[in-house]
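Below: the structure, in structure tokens.
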2 protein chains.
Amino acid sequence: MTKIKEDLMLKTAELVRLTHEAKIPVMILFEGVAASGKSRLANELLLALDAKYTQFYATKTPTTEDLRLPFLYPYWKNLPARGEVTIYFRSWYASMLDYEEHGLKKEVYKDYKVLLEEIEVFENLLINDGYEIIKFNVEISEKKRKEHIEKTKENPLTRWKAEEFEHAIPKETYLDGMKKLVKATDAISPWTIINYSERNQAINDMYEVIIERLEAALKKQKKKKKQPADGKFTKNFTTDLFVDTEDDMSKKDYKKILPELQDRMREIQYALYEKKVPLILVYEGMDAAGKGGNIKRVRESLDPTGYEVNAISAPTETELSYPYLWRFAVDLPRTGHIEIFDRSWYGRVLVERVEGFASTDEWQRAYEEIKDFEKSLLIEGAIVIKFFLVLDKDEQLKRFEERQNTPDKQWKITDEDWRNREKWDIYLEASKDMIDKTSTEDAPWVIIPANNKKAARIKALKTIIEHCEKRLNI
Amino acid sequence: MTKIKEDLMLKTAELVRLTHEAKIPVMILFEGVAASGKSRLANELLLALDAKYTQFYATKTPTTEDLRLPFLYPYWKNLPARGEVTIYFRSWYASMLDYEEHGLKKEVYKDYKVLLEEIEVFENLLINDGYEIIKFNVEISEKKRKEHIEKTKENPLTRWKAEEFEHAIPKETYLDGMKKLVKATDAISPWTIINYSERNQAINDMYEVIIERLEAALKKQKKKKKQPADGKFTKNFTTDLFVDTEDDMSKKDYKKILPELQDRMREIQYALYEKKVPLILVYEGMDAAGKGGNIKRVRESLDPTGYEVNAISAPTETELSYPYLWRFAVDLPRTGHIEIFDRSWYGRVLVERVEGFASTDEWQRAYEEIKDFEKSLLIEGAIVIKFFLVLDKDEQLKRFEERQNTPDKQWKITDEDWRNREKWDIYLEASKDMIDKTSTEDAPWVIIPANNKKAARIKALKTIIEHCEKRLNI
């Protein structure tokens, strides 16, 4: 090893130990045509870093199973936690070009430009959350590249590898595509072009860029002050958005209508499955508004192999070491499946705003982030319906007391529920802001009066069925 | 809902809340032919349980990607953590029959009986670790089954589902196979046959079995005393197993041999890939014996897309909520890949025994568990090589002091290293016991004298290459 190279390597290793301690997550991408030398560069870097907090992820052509999940799903799944480093051998960029070249999920995307939108949203979200994204595009002279391929071909044990090179995306397509993508995304987080024609120089260049970026990231982190957490609530907030809490429903009607809707719901499930459309249902609302019972009626007649309920509690230690959207992004439904969120990513602008778990800047930024996140769900072909179950304050008290006094239901009521009740007005304001700021045409909030549980259930089922019938044309 | 059914449902829900609090993991399996009613039973149960700690896993026919991982991999991946419940809709049993029926990985297994061995090892391990496994085999009269299929066929929206029934494993093969499997595994954890011909009775039967089993599990848990943790060490332990710490190697020879072996190692990697053989390397040994540097020389010329280093630290909170083998079982290499463990599952009988993190019973049981675990890796076609790097006590001191005095290396030495050094003799005894009890013909321990780092690296590389050449016939 040349002396300079070793110094740079040691410096890099030291800085990564510091970013590890400072809990800065680092993503390092290597793009480049086949046989450009990016695997040698990536391995060089890997050797320098501590395996305890370093991951390596190689982008592959998606399998049929991968195509049933969102485009960025593999990258959400393989995101570094705070303090970790992930090295990407080819990334979402090569992946996008692969989708385009082979017409993957064409019927869903129509125009592959939407994938670039997804990428921009993804990188911006991560950067705002403190991620350091270092992007290398490795180039090589055609002469050197051919030499490399020939050498690999000579050896009978590695010949198949050389042949593999020729099955990837055509070189010209890749180079043209990357040129455009580098230009389009350089402003989000800058690219570095590395020329591998002279190996040692390339390695030095790589280390120098990483050193510069990590030093800057550490400096920025040091300067960062603790962010204030202010929910910015109005005194004596009132709204007429949630006035309508009552809907009528006789027991007799309910008993007649419910099974009919549930049968239809089961048919809808099969139709979603057949047409490969994922359905995402979000339930939010006041405590004791009946979210659980409502969800139960939706799923009661469904095939359990095709739906899942994700009941959201306080984040675990692991979940806290990722961006708040992570635990949802890794739990999205496959095509044709139904995912029901009993509470959701909206916790960011509800409980986290109210309790001060998110800084002012974080919860205020979240409205746009959430709209972007849902937009990417729509790009992926999902139906997204968001229910807000609204209850009046007296009815809540009645239900709390009933839970308290019924042995089978006592487990449902905790001190936290009573504490939240004391914050009724500010939860109301947070909910109002959320609905105002995140209702979009394709991912609307549906407000459901929930004083009458039966009526609320029927309304939710009818809403889901109508949306799906319209979308599925059945 | 009939009154009896509702009572049983509430009782079940209550018991699962208790097993959740008591941190008892529960697995509930549903087997049965297509259209036997098992999806209705499973959904009934799902509705009763709190989604916060309940998962549902549907066994599917393995994809090509699945076939690159061990047979039980999906079940390790979808294991309930302590306090959780996982409902399996078809399980490793149907999976085994599917492999057999379709001749999957035939060239690896030769005889599918080995999968039954894997299953027995898996269930026994879990049960010894406190898992409650409740297995249902759902039966139905042929008349009822046909009615169900006909009804599904009538509706245009569900017709494809009915047709799917006929593409599964042939009914007779499944029934015959399950009969044998139920008989073979009833003693590990008992099966319950449920007849679904009368729906409400079937539901009641299901709840009654679950109630009985969970009550027993809770009672057992209550009676359980805190297990003593005694490493059972001998006073003034000595062994001549680790006397040989020196191997000679001149700088000149090293500089000549190393690159040759590394080039060969790269060829071996391609050959493993082509022949789809996974290679698992385990590194254990004294602190500062040079495991990291040794691993570095093995991976230095490898293609980073085909190997991974897993450096083991103290388990995280999540890892602690599973059996100790879990974090390794979910991180095994795909066919053709290399996984290098820098420390490993042997922590159970080393640090966990020494520090009292495992009870006497747990670390004593672990020798057999580990042998069984490695046997299942071999069944899956892996090459397993385990290195123990041995250093003498004076050389360790010299290396510790050098680390202390070299600014670039200070991060490598911690107070814990010094504390471990004080326990030199008992680590020695634990290591000796480990090697005596877990060296098998196909997964041998290779003891590497490590006072001379260069010689140690050459020996490890040569060992790996020889084993692989022999196995791959190259």
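Overview of results
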read-out: The one condition in (1) more than 12 Å from chain A (Cβ to nearest Cβ); (2) touching a helix residue (DSSP H, G or I) at 6+ places or on another chain (Cβ under 8 Å) that residue B:351 fails to fulfil; value: (2)
read-out: One residue from B:288, B:229, B:217 being in a helix (DSSP H, G or I), surrounded by 13 or more Cβ atoms within 10 Å (Cβ to Cβ) and either in contact (Cβ under 8 Å) with a residue 12 or more places away in the chain or within 13 Å of another protein chain (Cβ to nearest Cβ) (or both); value: B:217
read-out: Sole exception among (1) at pLDDT below 95; (2) in a helix (DSSP H, G or I); (3) not aromatic (Phe, Trp, Tyr) for residue B:241, by number; value: (2)
read-out: The one condition in (1) farther than 15 Å from residue A:59 by Cα; (2) touching a Phe, Trp or Tyr at 6+ places or on another chain (Cβ under 8 Å); (3) of a type outside the set (Ser, Thr, Tyr) that residue A:155 fails to fulfil; value: (2)
read-out: Residues within segment A:350-397 that are within 23 Å of residue A:468 (Cβ to Cβ) and more than 19 Å from the chain's Cα centre (by Cα), tallied; value: 3
read-out: Selection count where residues are surrounded by 14 or more Cβ atoms within 10 Å (Cβ to Cβ) and over 33 Å from the mean Cα position of the chain (by Cα), scope segment A:399-415; value: 3
read-out: Complete set of residues in segment B:335-352 that are in a helix (DSSP H, G or I), out of contact with any Pro (no Cβ under 9 Å at 6 or more places or on another chain) and not aromatic (Phe, Trp, Tyr); value: B:348, B:349, B:351, B:352
read-out: Condition check for residue A:301: within 11 Å of another protein chain (Cβ to nearest Cβ) and surrounded by fewer than 17 Cβ atoms within 10 Å (Cβ to Cβ); value: no
read-out: Enumeration of residues in segment A:336-362 that are of a type outside the set (Gly, Ala, Ser) and more than 22 Å from residue A:291 (Cβ to Cβ); value: A:360, A:361, A:362
read-out: Residue check, residue B:184 in contact (Cβ under 8 Å) with a residue 60 or more places away in the chain, touching a strand residue (DSSP E or B) at 6+ places or on another chain (Cβ under 9 Å) and either among the aromatic types (Phe, Trp, Tyr) or not in a loop (DSSP other than H, G, I, E, B) (or both); value: no
read-out: Total residues in segment B:353-367, condition farther than 15 Å from residue B:429 by Cβ and assigned to a helix (DSSP H, G or I); value: 4
read-out: Options A:380, A:429, A:395; residue that is modelled with pLDDT of 95 or more, of a type in the set (D, E, K, R) and touching a Pro at 6+ places or on another chain (Cβ under 7 Å); value: A:380
read-out: Odd one out for residue B:432, checked against (1) closer than 26 Å to residue B:373 by Cβ; (2) of a type in the set (Lys, Arg); (3) without any contact (Cβ under 8 Å) to a residue 40 or more places away in the chain; value: (3)
read-out: Number of the condition not met by residue B:49 [criteria: (1) under 30 Å from residue B:380 (Cβ atoms); (2) touching a helix residue (DSSP H, G or I) at 6+ places or on another chain (Cβ under 8 Å); (3) not charged (D, E, K, R)]; value: (1)
read-out: Checklist (1) within 15 Å of residue A:209 (Cα to Cα); (2) crowded, with 17+ Cβ neighbours inside 10 Å applied to residue A:31, failing item; value: (1)
read-out: Test result for residue A:259, outside any loop (DSSP other than H, G, I, E, B), on the phi < 0 side of the Ramachandran plot and surrounded by fewer than 17 Cβ atoms within 10 Å (Cβ to Cβ); value: yes
read-out: Exclusive hit being away from every other protein chain (no Cβ under 11 Å) and either under 20 Å from the mean Cα position of the chain (by Cα) or polar (S, T, N, Q) (or both), set B:315, B:259; value: B:315
read-out: Among (1) buried (at least 16 other Cβ atoms within 10 Å of the Cβ); (2) among the aromatic types (Phe, Trp, Tyr); (3) farther than 19 Å from residue A:279 by Cβ - the single one residue A:388 does not satisfy; value: (3)
read-out: Scope segment B:262-281; condition more than 14 Å from chain A (Cβ to nearest Cβ) and either touching a Ser or Thr at 6+ places or on another chain (Cβ under 7 Å) or free of Cβ contacts under 8 Å to residues at least 40 places away in the same chain (or both); matching residues; value: B:278
read-out: Complete set of residues in segment A:343-383 that are charged (D, E, K, R) and surrounded by fewer than 20 Cβ atoms within 10 Å (Cβ to Cβ); value: A:343, A:355, A:361, A:362, A:365, A:368, A:371, A:372, A:375
read-out: Unique match (being surrounded by 13 or more Cβ atoms within 10 Å (Cβ to Cβ) and either touching a strand residue (DSSP E or B) at 6+ places or on another chain (Cβ under 6 Å) or within 14 Å of chain B (Cβ to nearest Cβ) (or both)) among A:207, A:196; value: A:196
read-out: When residues of segment A:16-33 are limited to those that are closer than 21 Å to residue A:96 by Cβ and β-branched (Val, Ile, Thr), the one farthest from the other protein chains (Cβ to nearest Cβ); value: A:33
read-out: Long-range neighbours under 7 Å by Cβ, at least six apart or interchain, first residue assigned by TED's automatic domain parsing to the domain that holds residue B:177 within segment B:98-109, second acidic (Asp, Glu) and modelled with pLDDT of 95 or more; value: B:108/B:380
read-out: Among residues of segment B:34-93, those that are among the acidic types (Asp, Glu), facing chain A (nearest Cβ under 9 Å) and assigned to a loop (DSSP other than H, G, I, E, B), counted; value: 2
read-out: All positions within segment B:187-214 that are assigned to a helix (DSSP H, G or I) and either assigned by TED's automatic domain parsing to the domain that holds residue B:364 or without any contact (Cβ under 8 Å) to a residue 12 or more places away in the chain (or both); value: B:201, B:212
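The values are calculated or read from the model by the stated rules, or taken from the named source; none is laboratory data. Computed from a predicted model, the values in this text were never measured in an experiment. Cβ coordinates were reconstructed from backbone atoms using ideal geometry, including for glycine residues, and neighbour counts include every protein chain displayed.
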